[in-house]
1. Looking at the chain, send over the antiparallel percent of its DSSP beta bridges, to the nearest 5.
2. With +1 on each Lys and Arg Cβ and -1 on each Asp and Glu Cβ, how big is the dipole of the stretch 37-179 about its Cα centre, in debye rounded to the nearest 20?
3. Mean residue ellipticity at 222 nm from the helices of the chain, using -39,500 (n - 2.57) per DSSP H segment of n ≥ 4 over the full residue count, to the nearest 500 deg cm²/dmol?
4. Using a 1.4 Å probe, what is the accessible area per residue for the chain, in Å²?
5. How are the Cα pair distances of the chain distributed, in percent, across 10 Å bins from 0?
6. Give me the distance between the Cα centres of the stretch 46-79 and the stretch 185-233, rounded to whole Å.
7. Could you rank the peptides 239-248, 54-63 by their average count of other C-beta atoms within 10 Å per residue, with the highest value first?
8. By a straight-distance test (C-alpha under 30 Å), which lysines pair with Lys305 as possible cross-link partners, with residues fewer than eight away in the same chain excluded?
Amino acid sequence: MSYELADRLVIGIASSALFDLTESDAVFREQGEESYRAYQERHVGDRLRPGSAFPFIRRLLSLNDLGEVDDPLVEVIVLSRNDPDTGLRVMRSIEGHGLPISRAVFMQGHSPHRFMPALNMSLFLSANETDVREAVAAGLPAGHVLGAPYEDDVDDHDLRISFDFDGVLATDASEQVFQEGGMEKFRAHEVTNAAIPHDAGPLRDFLANVNRIQQREEQERRKNPDYRIRLHVSIVTARNAPAHERPVQSLKGWGVTVNDAFFLGGIDKGRIMKILKPHIFFDDQQGHLESTSRTTPSVHVPFGKLNEPAAPAARAVAGAVASPGVGDTSLTHR
């Protein structure tokens, strides 16, 4: 009997996002591939330390207690550039940490992102920037995990997910209006089109699948009044009034929801993250992530015009200016 993925939230995770591979990467860089392979074989029984995306993945998988044991709501699949031999340490570390991840794709030296549609994935996370950019260029939902591992509060059983809006949940069409015409033109454009939903961006479908799990939580709470909701979703954007209405209308038009919305109008997002404490935050602009990644597991979604290779000057401006879109050196074999 085949195992169907169609009705599940499926996430692809690279070992570089799930675990801290600092030591392994150093061996590869300094001594080469053969030494790296020998190092992994010697340490195959040594459990890898959690990486930046580990708390997010652990909590996401814990929501499978809302479903049946043989019919989980969430499926996480390892997508790796390792070959099966060097991938053994990753799989043993997954088992050692008690993560219910049993499926993996190991592609020796090749990016496995092209298998995402076949595996019904609505997100791929990696610390390999090249792999992520290739996936996004192919129209696939992917994010580059930034920063060092973060201390995780194991007594906190909630899962908080935060999104920027433009270039993440929506396309960057309005961001382009801002870049070309400035703030006044952007605001006028958004007010004129307030009732017209944006076109969906790379992570809209991921949010829709997260909402399905939230609906299961609501069903559980109706059956059991003592059940406490664990999954919370917010948008954190540099938009403010009068440009706030169109995102709200867009979410409604797409049939998706968020619990909270922060329309910051240029206020540093990092300040909000220190209090909100999301377990993962998605943004399309590097400049904003420089602030959030100091305290928060942050993911760069390299989508849209500002992230095109030919636009370095525009990216520099975006990092210095509060634009409405606010709203690695990892190894190639990971």
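The values are calculated or read from the model by the stated rules, or taken from the named source; none is laboratory data. Keep in mind that this is a model prediction, so the values were computed, not measured. Cβ coordinates were reconstructed from backbone atoms using ideal geometry, including for glycine residues, and neighbour counts include every protein chain displayed. What goes into the accessible areas is simple: the full protein's heavy atoms, side chains included, and nothing from ligands, DNA or RNA. Shrake-Rupley method; radii C 1.70, N 1.55, O 1.52, S 1.80 Å.
1. On the way: 6 of 38 bridges.
Among the beta bridges of the chain, antiparallel pairing accounts for roughly 15 percent.
2. Working: 13 positive and 23 negative charges, 139 e Å.
Once rounded to the nearest 20, the dipole reads 660 debye.
3. Details: 12 runs with 125 residues, N = 334.
It comes out at -11000 deg cm²/dmol, rounded to the nearest 500.
4. Working: 15060 Å² over 334 residues.
With all protein chains present, the chain gives 45 Å² per residue.
5. 6, 26, 34, 23, 9, 2, 0
6. 21 Å
7. Values: 239-248: 19.3, 54-63: 21.0.
Ranked by mean Cβ neighbours within 10 Å, highest first: 54-63, 239-248.
8. By straight Cα distance, Lys305 reaches Lys185, Lys252, Lys269, Lys274, Lys277.
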